[in-house]
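Rule-based calculations on the coordinates, nothing more; no lab input. In this text the structure is predicted, and so the values were computed from the model without any measurement. Note: ideal-geometry Cβ built from the backbone for every residue, glycine included; neighbour counts use all protein chains shown.
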């Protein structure tokens with residue numbers, strides 16, 4: 001079997017930054033340090049962080065995960081968390097450290113701003129993934145998670161203020177298809193494609209390599 005290396009490849013800036021934050025916190029903190037879910041979706045990397053003394057708290061959602069932490073520092077992963085999770089961490093007396101990717105932070109800010117301005121937001125993402133969980137917490141009831149065409153068909157949105165955006169790490173081509181389906185149902189929808197540059201570049205490089 002031939003292995004073809006693509007360029008670019010490897011960790012994106014958000015992952016690198018999250019690792020730096022986690023390692024710095026562990027080095028500078030005497031008490032227990034927890035990561036609220038896998039820091040990034042890489043089992044090998046997560047195992048390495050646990051070997052360095054950062055405990056993994058892995059629960060179906062971030063709020064439930066917090067209830068399993070008695071004290072110490074909690075690191076919010078690169079995928080981001082909802083405002084409710086941030087508030088609950090403080091209520092529990094934990095010391096929160098935010099390692100959210102800057103691209104995800106931008107999506108949070110976008111969705112919050114759209115909701116404040118009266119928009120219904122169609123959010124394309126993976127159900128059960130922590131990134132949509134966090135983003136949807138910015139405007140409960142105003143953000144509608146869709147994963148496939150059936151979810152789009154089930155939407156019942158009214159008014160002119162409708163926007164569509166997406167998770168940062170999705171397939172470029174699948175997302176374009178779903179955005180097109182949303183626009184077909186709601187021509188007035190504003191499009192905010194939030195797939196990050198690193199994801200786009202790696203997917204495009206993989207496609208080009210497959211042509212060789």
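Scanning region 98-105 turns up at least one residue that is over 16 Å from residue 132 (Cα atoms) and out of contact with any helix residue (DSSP H, G or I) (no Cβ under 6 Å at 6 or more places or on another chain).
If you go through region 165-180 and pick out every residue that is under 23 Å from residue 100 (Cα atoms) and touching a helix residue (DSSP H, G or I) at 6+ places or on another chain (Cβ under 8 Å), you end up with 8. Applying the criterion of at least 3 residues that are closer than 30 Å to residue 2 by Cβ to the helices (runs of 4 or more DSSP H) found wholly in region 120-212 leaves 172-185, 197-210. Tell me, which residue of region 21-54 that is touching a strand residue (DSSP E or B) at 6+ places or on another chain (Cβ under 8 Å) and loosely packed, with under 14 Cβ neighbours inside 10 Å is nearest to residue 73 (Cα to Cα)? Per the stated criteria, the residue is 31. So which residues in region 92-115 are touching a residue at least 12 places away in the same chain (Cβ under 8 Å) and part of a helix (DSSP H, G or I), if there are any at all? Scanning region 92-115 gives 102, 103, 104, 105, 106, 107, 108, 110, 111, 112, 114, 115. Among the residues making up region 88-114, those that are under 26 Å from residue 161 (Cβ atoms) and buried (at least 19 other Cβ atoms within 10 Å of the Cβ) are 103, 104, 107, 108, 111, 114.
Of all the criteria given as (1) touching a residue at least 60 places away in the same chain (Cβ under 8 Å); (2) crowded, with 18+ Cβ neighbours inside 10 Å; (3) touching a helix residue (DSSP H, G or I) at 6+ places or on another chain (Cβ under 8 Å), the one not satisfied by residue 119 is (3). Does residue 162 fit the bill of being touching a helix residue (DSSP H, G or I) at 6+ places or on another chain (Cβ under 8 Å) and crowded, with 18+ Cβ neighbours inside 10 Å? So residue 162 does not fit the description; no.
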